[in-house]
Structures are given as structure tokens and as C-alpha cells.
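Read the structure below first, then the notes.
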Amino acid sequence: MRHIPTIAGRELGAFFVSPVAYVVLSLYALLAGFFFLSSILQFNEIVIRLQQFQAIEQLQAVNLNDYVISPFLGVMSVVLLFLVPGITMGLFAAEKANGTDELLLTSPITIWDIVLGKYLAAAAFVLLMVALLGLYPGILFLYGDPEIGKTTAGMLALLLTGLLYAAIGAFASSVTANQIIAFVLSFVLLLLLLMLSVIADLGAAGGALGATGTVAELLRYLSTNDHFETMVRGLVDTADLAYYGAMIGSFLILAKAAVESVRWR
């Protein structure tokens, strides 16, 4: 396990050697600024409209968390779905393409050292992205009064979702030597995981998929959407934390199995 920080540091440094990291961070910050400004303008329009109609009760119910921060974090979680695969696609695929994976596998380090080291590098990059995003809600505390607890829960939800996306991306990268295929596979898996709750709702409504009862509940539980929305509303449940922990662990185990399978070919 002592090799994990070394591998993680090497991978994290490799991100910033190439322009990929700077492009992703710049694009993320640009999109975050655009969607944050859009949320502020929509909030301002709602307030003005309610004031014009003198809807005092509705005006008192309007708050920054529900009308600005929560929608903003929801949109940025979808943006992560597009950007995280770009960070993780080369974790293992690049090693295979360059032929350096054999050197790693024959070196005196375990498969878990390799997998966890590479994953922690991606996780650190996700943490940097979420920290960068946190500057925008932070502005509201200077000029408004959002709830600290609810905002923190929302940021935690975004971080955990990003960490799960990184684990799925690491798995996708471990099964192929082509970075483009790794990106597409990761994106498809993330999109499917996000849409499972929609599939469950279609089935519950009598759709063709017929996902009713136990199956619908299972699909909703596996979907990141319901867990993310619960935490963004300020409800940090141990069941949601356990979900993220179990899903991250499961995909890391799959990545470890995929990397280890190379030794048996």
C-alpha cells in the first residue's frame, strides 16, 4: 500500500503535463459560470414577478438553495458526466497502448496498488473540480443567506457522484487499450446509471419495459439520480452514503479484475 501515493502522484502529474487537464478545468469553470449566472437571473426574475403580483406567501418561500444552488448543482452533475470520462479514459488504456502495462504488472507492486493509485489520482482531480465549483455558491454567502447545511450536503452529493463517475471511468479504461472506446464506454455506463430511475418510472407508469414493484425499486436504488437529489435537498442519509461507497468499491473491484486478467492471457 505504500506505493499507492507514488502512483497517484505520478498519474496526477501526468494529467497536468498534457493539455487535457487544463482544457477540462477551463471548460468546467466556464460552464459553471454560465449556468450559475443563468440560475441567478432566473431567481431574480421569479422574485420580481412575485413582487409585482404581491404574492407575499410565495415570496417568503423562495430561497437561494432551492431556486439557485440546487438547480445549479444538478446541471453541473450532468456536466461531470461528460467531462470525467475525458479524465479517466487514459488511466489504463494509455498504459496498454504504450506497452508499459507489462512493466507495471511485473514490478514489485500489487494490482490493488496500481488500481487504487490511478483511481486516487482521478479522485483528486474530481475533488479539484468540485472545489473550483464551490466558489460560485460561496459568492452567495457574501450577498445572501443560503443554508450552510443544505449547501454542504449538495456539494458532498456532487463530490460523491464525481468519485463514482471516476471509478466507472477507471473500470472502462481497464477493459480496452483504446482511449476513445474507454471514453464512450464510460459515458454510456454513466448515462445508463443516471437513466435507471427514468426507466423505473416508465415501467411504473405502465410502460413497455414493465419495471414495476421490486424491479422498479432496484432500478431506482442503482440510479445515481435519486441519491443525488436526496442529498441536494439537504438529507444526508447513511443509505445514500452506503450506496456511493458500495458502487465505487464494486467498480474498483471490476477494474482490478480486468487489469489482473492480463496476466492470464
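Can you confirm whether region 166-183 contains a residue that is exposed (fewer than 15 other Cβ atoms within 10 Å of the Cβ) and part of a helix (DSSP H, G or I)? Yes, the conditions are met somewhere in region 166-183.
Checking the stated criteria, L91 turns out to be assigned to a loop (DSSP other than H, G, I, E, B), among the aliphatic types (A, V, I, L, M) and out of contact with any Leu (no Cβ under 6 Å at 6 or more places or on another chain). Contact map, region 22-48: first residue closer than 19 Å to G86 by Cβ and touching a residue at least 60 places away in the same chain (Cβ under 8 Å), second residue surrounded by 12 or more Cβ atoms within 10 Å (Cβ to Cβ) and of a type in the set (S, T, Y), Cβ cut-off under 7 Å, separation 6 or more or different chains; pairs are A32/Y136.
The residue that is nearest to G134 (Cα to Cα), among those in region 30-47 that are among the aliphatic types (A, V, I, L, M) and at pLDDT 90 or above, is A32.
Screening region 147-195 for residues that are among the hydroxyl-bearing types (S, T, Y) and over 20 Å from H227 (Cβ atoms) and picking the one that is nearest to the chain's Cα centre (by Cα) gives S173.
Tell me, yes or no, whether region 9-29 has at least one residue that is surrounded by 20 or more Cβ atoms within 10 Å (Cβ to Cβ), of a type in the set (V, I, T) and at pLDDT below 90. No; the residues of region 9-29 include none that is surrounded by 20 or more Cβ atoms within 10 Å (Cβ to Cβ), of a type in the set (V, I, T) and at pLDDT below 90. Pick out the one residue from R220, R263 that is within 18 Å of I114 (Cα to Cα), among the basic types (K, R) and either at pLDDT below 90 or crowded, with 16+ Cβ neighbours inside 10 Å (or both). Going through R220, R263 in turn, the sole match is R263. Remark: pairs (first residue in region 227-247, closer than 10 Å to A153 by Cα and of a type in the set (K, R); second residue assigned to a helix (DSSP H, G or I) and modelled with pLDDT of 90 or more; Cβ separation under 9 Å; 6+ apart in sequence or on different chains) = R233/S70; R233/K150; R233/A153; R233/G154.
Filter region 176-199 down to residues that are modelled with pLDDT of 90 or more and hydroxyl-bearing (S, T, Y), then give me how many there are. Of the residues in that region, 2 qualify. Restricting region 214-255 to residues that are outside any helix (DSSP H, G or I) and of a type in the set (A, V, I, L, M, F, W, C) leaves a set whose member that is farthest from S174 (Cα to Cα) is L235.
Filtered by the rule that a residue be of a type in the set (F, W, Y) and surrounded by 18 or more Cβ atoms within 10 Å (Cβ to Cβ), region 30-83 gives F35, F36, F43, Y67, F72.
Residue-wise test of (1) in a helix (DSSP H, G or I); (2) closer than 21 Å to V188 by Cα; (3) at pLDDT below 90.
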site: N65; (1), (2), (3): yes, no, yes
site: F72; (1), (2), (3): yes, no, no
site: L80; (1), (2), (3): yes, yes, no
site: I109; (1), (2), (3): no, no, yes
site: V115; (1), (2), (3): yes, no, no
site: M129; (1), (2), (3): yes, no, no
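The values are calculated or read from the model by the stated rules, or taken from the named source; none is laboratory data. Note that the structure is predicted; figures quoted are calculated from it, not measured. Counting neighbours? That spans all protein chains shown, and the Cβs are built from the backbone with ideal geometry, glycine included.
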